[in-house]
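In what follows, a structure is listed as structure tokens, so that the remarks can point back to it.
The values are calculated or read from the model by the stated rules, or taken from the named source; none is laboratory data. Being a predicted model, the structure only gives us computed values, none of them experimental. A quick note on method: Cβ atoms are made from the backbone with ideal geometry, for glycine too, and the neighbour counts reach across all protein chains shown. We work out accessible area using only protein heavy atoms, side chains counted, and drop any ligands, DNA or RNA first. Shrake-Rupley method; radii C 1.70, N 1.55, O 1.52, S 1.80 Å.
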Amino acid sequence: MDSEDDMHDANDSADDDFYSGGEAGLAGSDDGDADYDFADHDSDDSGELLSHRQQQNYSILSEVDIKQRQEDDINRVSTVLSISKSEACVLLRNYNWSVSKVHDEWFADEERVRKIIGLPEKHMELPNDREVTCGICFESCPRGTMSAAACGHPFCSTCWRGYISTAINDGPGCLMLRCPDPSCAAAVGQDMINALADDEDKEKYGRYLRRSYIEDNRKTKWCPAPGCEYAVEFVMGSGSYDVNCNCSYGFCWNCTEEAHRPVDCATVSKWILKNSAESENMNWILANSKPCPKCKRPIEKNQGCMHITCTPPCKFEFCWLCLGPWSEHGERTGGFYACNRYESARQEGAYDESERRREMAKNSLERYTHYYERWAANQSSRQKALGDLQSLQNDKLEKLSDIQSQPESQLKFIIEAWLQIVECRRVLKWTYAYGFYLPEHEHAKRQFFEYLQGEAESGLERLHQCAEKELQVYLEAESPSKDFNDFRTKLAGLTSVTRNYFENLVRALETGLNDVGPSTSHGTCSKSATSKSLGGKSKSGKNRASSTSSKSGGSNRGLDDSNIWTCDQCTYANPKSARACQACDRQHR
């Protein structure tokens, strides 16, 4: 069954063009990653796609799993090297819990490793005396109350307990504990901790040991969600960095920020910094205020006449337009709502540079606001969808099962639809950060991106409406509905089609839209071919890209791209002649 038939099954009332595939569809191309198949896949491939989506390159580890893996690694090293478990634990800690690294170093030069780690080859026994002097308190104690590390330096149990307790209370550094003797570097292993420390200290030490196993191992990390105690083991070099923890939080393995495909980690870092930094405040001040001619403090004029009085202690009175002293103004200069001096000076070009800077700052601010508002709106929609999903799982699904006389196991398609909505909202949110940093001069690529983004948004809204509004009808019904199975087919179909579209959209953006060349003609050809695959004409016959492009690109009207450069730090659009950013003073490279 081809993709157009799939769409009809999913939504009979939908536009015929939405997500449909045509004879010029990209699926048939042999160019590999350069082609983006945004159409639904044939039913023969659905099993393979599902299997691909279910493949994970990571494992979620509970506390029990961490303990077991840690114990297995210790046992493996202990068996291979013929050393005690305590010594194996010390070795693994020093080599960041890498079993292979321990084996390599040990067999390369065992003597050197023992010296560095603090594992004497021969265990020294306590002096064979009736009483032995403690090296800390210098009290003579019965031999049975004395203890020593492998080095044989004797200390009484009381001093050992105090030494160990102090180290454990100081933090994770206790995992590298050495003999109390200042001249000795022998390691103090877990066997001595278990023998000498009290229960509370032993529990703390065990907790530090488990944390070390996760935090020092380059293959494992804790889930960054607040309160989550799961860890993740990741297989490096296996594609996507996205991880979905058992606590339902999704994050990026590489940067530990929330999952952000298709945007790379560097772009996410810049976007988060921009949202939290002062750069946009400076842009706003530059675009919407003028400095007092006397004290230079910025002043915003939002209403009233041109007569401005600065705040105390300055109290300087001046004209808003020309910034001259108000004492030199009056009826002869244009009164309270005009300034002849400003108009004549403007005609002579006296204010061109300052006005140009203010206009550029305003355009830059409008552009940032456009993308940020839509980024934040999708984040808000995602949070609401998560709430709706939780409500559905906790209450509504059971109610629907009773009304429609169907087991909950047959209503999982609704949960899958909502999970897909949550995921698509996340992807759509980050496409706005992607679009913000898309180079301004790549017009064809930007137009193509905005077209794809608009199609994705339309499809997601359709799925969201079906899962929210149309589902409500069946929740409010008093008896089983005859057309519920039709609703099932429609929602499941929309979920599948939307999933496929967004997966291909992510892959296309991650490869940088490689099939769109720098020239406008190339971009137009690529977009035309893709439009046929997507059914890109709307009912009115106009391409959706035009409206999307005008919406997101409108804030840049009046800017000549060849005469400006964009600051890497604050994205302020500066004139080409400027060597440093006029908003944040960053040097242009």
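The stretch 475-519 and the stretch 362-414 have Cα centres spaced 15 Å apart.
Computed from the Cβ-Cβ distance with R0 of 35 Å, the FRET efficiency linking residue 394 to residue 578 stands at 0.05. Extending 7 Å from Cα along the Cβ direction at residue 315 and again at residue 440 yields two label points whose distance is 4.4 nm.
Share of pairwise Cα-Cα distances greater than 28 Å in the stretch 58-216 is 24 percent (whole percent).
Charge dipole (Cα centre; +1 on Lys/Arg Cβ, -1 on Asp/Glu Cβ; no other charges) of the stretch 58-216 amounts to roughly 60 debye.
Both radii are taken from the alpha-carbon atoms of the stretch 229-278; with Rh as the Kirkwood radius, Rg/Rh is 1.02.
Summarising the amide proton neighbourhood of residue 565: residues at separation of 5 or more, or on other chains, whose placed amide H is nearer than 5 Å comprise 574, 576.
The length gained by stretching the chain between residue 68 and residue 129 to full extension, at 0.36 nm per residue less their Cα-Cα distance, is 17.8 nm.
Taking every alpha-carbon pair under 8 Å whose residues sit at least 6 apart, the stretch 58-216 reaches a relative contact order of 21 percent. Computed with a 1.4 Å probe over protein heavy atoms only, the accessible surface of the stretch 58-216 comes to 53 Å² per residue.
What FRET efficiency would be calculated for the residue pair residue 468, residue 265, taking the C-beta separation as r and a Förster radius of 30 Å, to the nearest 0.05? Efficiency at R0 = 30 Å is approximately 0.35.
Excluding ligands, DNA and RNA, the accessible surface per residue across the stretch 401-446 is 36 Å² with a 1.4 Å probe.
Using a simple spin-label model with pseudo-atoms 7 Å out from Cα toward Cβ, residue 195 and residue 103 lie 3.0 nm apart.
Apolar share of the accessible surface for the stretch 195-258: 42 percent from carbon plus sulfur atoms, 1.4 Å probe. Between residue 402 and residue 138, full extension at 0.36 nm per residue minus the direct alpha carbon distance yields a gain of 87.2 nm.
For the stretch 64-135, the fraction of 1.4 Å probe accessible surface lying on carbon and sulfur atoms is 46 percent.
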